[in-house]
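A short worksheet on the structure shown next.
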Amino acid sequence: MKLFQALSISVLAVGGSHGFSQQSNNVSRREVVSKTLSSIVAISLPGVASAIDACPPKSNNCVRQTWTPPSSTSAADATNQLRDAINAYPQEGQEGGKVDGGGYTIISDTLGKDSSTGALTLEYQSGIGTFAKMFNGKKPFTDDLVVEPNGNAFEIRSASRIGDSDFGVNGKRTAYIGGLLKEKGWSI
């Protein structure tokens, strides 16, 4: 889709035949190819932009961070270290089950070994006690954690699906996982 958009934009940019004067149609093939390739490169460069949404302004139930491995770490090692840290998160949660006491599930893992493609998506269950019974129909609160590569770093977003506050759960989750990576020299 991005390729099609780039081609469409560059053809229009160099003077397609849709209502332009005859003079603007005199464009060399070299110029069309050059502008098309420039557009494709600009769209497809890694690290230009992340697909992960920003947290809403003044959000109390969302954390977005950038985690960067040491420059001496290969892309494959960085991806493996990230997966290891995520898998090391206690399935029983933290603080005696007050944080993520309902466990977590890896929903999808398409992270490439080269750290430039894919994403890792997890679902965490919190609030399995009295609070959930009173405010969420006896169901646990569900949070999503998404990890995507962005150049030499990884973009992280942990957010609650509902509500205005998570009582710091998303921050505690990312601090725990990020702390494991920080011990390996990552900047969090």
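Here are the numbers:
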{"quantity": "At 1.002 mPa s and 20 °C, Stokes diffusion of the stretch 46-188 via Kirkwood alpha-carbon radius, µm² per second", "calculated": "138"}
{"quantity": "Integer Hz, Karplus 6.51/-1.76/1.60 couplings in order for the stretch 176-183, x for Gly and Pro", "calculated": "5, 5, x, x, 5, 6, 4, 4"}
{"quantity": "Net charge of Cβ neighbours under 14 Å - reference residue 69; Lys, Arg +1; Asp, Glu -1", "calculated": "-1"}
{"quantity": "Percent RCO, i.e. relative contact order, over the stretch 62-182, from Cα pairs under 8 Å lying at least 6 residues apart", "calculated": "29"}
{"quantity": "Charge tally in the Cβ shell below 13 Å around residue 110, where Lys, Arg are +1 and Asp, Glu are -1, residue 110 excluded", "calculated": "-1"}
{"quantity": "For the stretch 144-188, average projected area of the Cα convex hull in nm²", "calculated": "3.5"}
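Every read-out reported here was derived from the displayed coordinates using simple, explicitly stated rules and does not represent laboratory data. No experiment lies behind these values; they were computed from the predicted model shown. Don't worry about glycine lacking a Cβ; one is built from the backbone with ideal geometry, like all the others, and counts go over all protein chains shown.
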